[in-house]
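One structure below.
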Amino acid sequence: MDDASATAPEPVRDGISTTGPERNWPNNSWWVAAHGSEVTDKPILRWILEMPVALYRSEAGVVSALHNRCPHRWAPLHLGHVEGADLVCPYHGFQFAPSGQCVRVPSQATTPPAIRVRAFPAVERYGFVWIWTGEVEKADPNLIPADLAYLSDPAWHTVWGYKSVNGNYMQLKENVLDLTHFAFLHKNSLQVSGWDRAPEVEMGDGRVGYVQVHDMEPLAPVYAVPAGKPIGKLANRTTLGTQLSPGAHHAEVAIHDPAPEDGGLAHFSLRMVHLTTPVSIARSHYYWAMARDHGEPFDVEATRGMADIVFGEDIAMVEATQQMARCAIDHDQAVEFSVSADQAAIQGRRLVQAMVNAERAG
């Protein structure tokens, strides 16, 4: 994957506490905090689940994540610098190890062992930095979805991007579990046909997914051009998607051309990854990645430009619906109706809410 930088949303608590009744995210989960290329020996700040997190890379290249507030006089640690594997506070030079333990107070000979900051387990995997925001003893790296391993597979071309969203992360998750909006919201940008019926929904192992088969339908440019196919050529298309975890979603379009050109592809796939991390109840980080097993490497600038258009349509709608929900004086009397096409999104919502409820129950 290429290097790029994300612009994170400003921290806004929106009057909601992470322990409040509106919280709809589990703490015991792995969340993407950054793309690996964004984390260097110059610390950065990321707001994750209403908590300020300082991310930095040690001189040996290992990523660490510490609560961004120095316990001495509350200076932001991300404004400091790295020494070896430690992060040094910019205000009075207190030095913190990756464990969060203060190991040096420059103004005195001894360092009180009580001085420490919270350390978040951090793992760099599949090109992204994941942090665990719950109970440390439950931070099993094997819970990071192995389904995304293709992002590190050289046989796949990949590209990634980032969007800041003024909307709840579950709105984004439900959006990618819903296929029927493609026929309307993305009618002009994607020009993909066959989205006028509900997909089959599959559940198991704490996941929800969908599958939909499109028999001999015209290939849209997004599928045809990279594969060297004529736009509009009839081919079979299978669309699959899975909510892998509260913060990760995988989707794939597997295409079969029963009549390939001489030397042309008969089978090829395009995959999408949606990584959504709460900033607060009303703001989210949205990382995405795209992968394909065919054609030339992605034109990064052009692909991100197209993603800005398509995902921009999603984000504009998510933000508009949130504004409608939070600003209308009569919204507490509004009734939300769901239809058959919403089954995957509703089940995804229920799975995540069950995790939240289990944490609250202790």
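The values are calculated or read from the model by the stated rules, or taken from the named source; none is laboratory data. These figures come from a predicted structure and were not determined experimentally. Neighbour counts are summed over all protein chains in view; Cβ atoms, including those assigned to glycine, are modelled from backbone coordinates with ideal geometry. Remember, those area values only see protein heavy atoms, side chains included, never the ligands or the DNA or RNA. Shrake-Rupley method; radii C 1.70, N 1.55, O 1.52, S 1.80 Å.
Please report the orientation-averaged projected area of region 189-317, defined via the convex hull of its C-alpha atoms, in nm².
Seen from a random direction, the Cα hull of region 189-317 projects 9.1 nm² on average.
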(message) Can you give me the convex hull volume of the Cα atoms of the chain, divided per residue and expressed in Å³?
(response) 145 Å³
(request) Along Cα→Cβ, 7 Å out, is where each label goes; now give me the distance between the ones at Ser193 and Val300 in nm to one decimal. (result) 3.7 nm
(request) Take the alpha-carbon centre of region 245-278, take the same for region 163-238, and report the distance between them in whole Å. (result) 10 Å
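Find the all-direction average of the projected area of the Cα convex hull for region 129-250, expressing the result in square nanometres with one decimal place.
9.7 nm²
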(message) Probe radius 1.4 Å, ligands and nucleic acids left out: which of Arg57, Arg46, Arg73, Arg360 has the largest accessible area, and how do the rest follow?
(response) Arg73, Arg360, Arg57, Arg46
(request) Taking H placed 1.01 Å from N in the peptide plane, check which residues at least 5 places from Phe128 or on another chain put their amide H under 5 Å from its amide H. (result) Gly36
(request) Just tell me which aspartates and glutamates come within less than 13 Å, Cα to Cα, of Lys42; anything on the same chain fewer than 8 places away is out. (result) Glu59, Glu83, Asp86
(request) Please give the solvent-accessible surface of Met306 in Å², to the nearest 10, using a probe radius of 1.4 Å with every protein chain present. (result) 70 Å²
(request) Taking all pairs of distinct Cα atoms, average 1/r, flip it, and tell me the Kirkwood hydrodynamic radius of region 260-362 in Å to one decimal place. (result) 17.8 Å
(request) Show the residues, 5+ positions off or on another chain, whose built amide H is closer than 5 Å to the amide H of Val159. (result) Met290
(request) Report the extension gain between Ala354 and Gln323 in nm, rounded to one decimal, defined as 0.36 nm multiplied by the number of residues separating them, less their alpha carbon distance. (result) 8.6 nm
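If the chain between Gln333 and Ser164 were fully stretched, how many nm would it gain, using 0.36 nm times the residue separation less the Cα-Cα distance? Intermediate values should be presented prior to the final figure.
On the way: separation 169, 0.36 × 169 = 60.84 nm, distance 2.98 nm.
Length difference between fully extended and current span is 57.9 nm.
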(message) Could you check the spin-label model distance between Ser99 and Asp41? Points 7 Å from the Cα along Cα→Cβ, value in nm.
(response) 2.4 nm
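With Cβ to Cβ distances under 15 Å as the rule, what net charge do the other residues near Ser58 carry (K, R +1; D, E -1)? Mind showing how you got there, number by number?
Numbers: positive: Lys42, Arg57; negative: Asp41, Glu59, Glu83, Asp86, Glu124.
Around Ser58, the charge tally is -3.
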(request) Calculate, in nm to one decimal, what Ser58 and Glu124 gain on full extension: separation in residues at 0.36 nm each, minus their alpha carbon distance. (result) 22.5 nm
(request) Using θ = phi - 60° and the Karplus relation 6.51 cos²θ - 1.76 cosθ + 1.60, list the HN-Hα couplings for region 210-223 in order, rounded to whole Hz, with x at every Gly or Pro. (result) 9, 8, 9, 9, 10, 8, 6, 10, x, 7, 6, x, 4, 9
(message) With θ taken as phi - 60° and the coefficients 6.51, -1.76 and 1.60, list the Karplus ³J(HN,Hα) couplings across region 187-198 in order, rounded to whole Hz; mark glycine and proline as x.
(response) 4, 8, 6, 9, 6, 9, 9, x, 9, 9, 9, 6
(message) Straight-line reach only, C-alpha to C-alpha below 20 angstrom: list the lysines that Lys229 could link to, leaving out same-chain residues fewer than 8 apart.
(response) none
(request) Counting only C-alpha contacts under 8 Å and six or more residues apart, can you give the relative contact order of the chain as a whole percent? (result) 19 percent
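Can I get the semi-axes of region 243-320's equivalent ellipsoid? Compute them from the C-alpha gyration tensor as square roots of 5 times the eigenvalues, in angstrom, largest first. Write down the numbers at each step before the final one.
Working: eigenvalues 187, 43, 24 Å².
Here the semi-axes work out to 31, 15, 11 Å.
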(request) Would you list which lysines come within 30 Å of Lys233, measuring only between C-alpha atoms, while excluding same-chain residues fewer than 8 positions from it? (result) Lys187
(request) Could you list which residues have their amide H under 5 Å from that of Arg104, counting only those 5 or more apart in sequence or on another chain, with H placed in the peptide plane? (result) Gln95
